[in-house]
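The structure appears right after this line, and notes come after that.
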Amino acid sequence: MQTILNDDRLLSRSEVHSYFGLTQRFLEVSAVRGDGPPMVKIGRSVRYRVGDLRAWIESCRVDTASGVAAR
């Protein structure tokens, strides 16, 4: 059964891993480098908006014919 996620829902790093397959370690490292998906900090908590994740993943898409990012 597939869960439908609202674009405004906030996910923890473990939930991002469950729904989108991005590892928690990748999210931690990319946050430090500044090249990962946008995140929301609420106190000590880090959350990711579903709509931002979808947009970021789409921006990373590469056209296989040209090998160029589809940005």
Item to complete: Calculate one ³J(HN,Hα) per residue across the stretch 23-33 by plugging θ = phi - 60° into the Karplus curve 6.51 cos²θ - 1.76 cosθ + 1.60, and present them in order as whole Hz with x for glycine and proline.
Response: 6, 4, 5, 4, 5, 5, 5, 5, 5, 5, 6
Fill in: the chain, helix-only ellipticity at 222 nm - DSSP H runs n ≥ 4, -39,500 (n - 2.57), divided by all residues, nearest 500
-11500 deg cm²/dmol
Practice prompt. List every residue whose amide H lies under 5 Å from the amide H of LEU11, counting only residues 5 or more places away in sequence or on a different chain, with H placed 1.01 Å from N in the peptide plane.
Written response: TYR48, ARG49, VAL50
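Around TYR48, under 10 Å between beta carbons, what's the net of Lys plus Arg minus Asp minus Glu among the other residues?
On the way: positive: ARG9, ARG13, ARG47, ARG49; negative: GLU15, ASP52.
Cβ neighbours under 10 Å give a net charge of +2.
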Worksheet entry | 14 Å beta-carbon shell around VAL32, net charge (K/R +1, D/E -1) | +2
Fill in: On Cα atoms only, tilt of 50-59 relative to the major axis of the chain in degrees
20
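No value in this document is a laboratory result; all are computed from the given coordinates. The model shown is predicted, which means the values in this text are computed figures rather than measured ones. Glycine also receives a Cβ, built like all others from the backbone with ideal geometry; neighbour counts cover every protein chain displayed.
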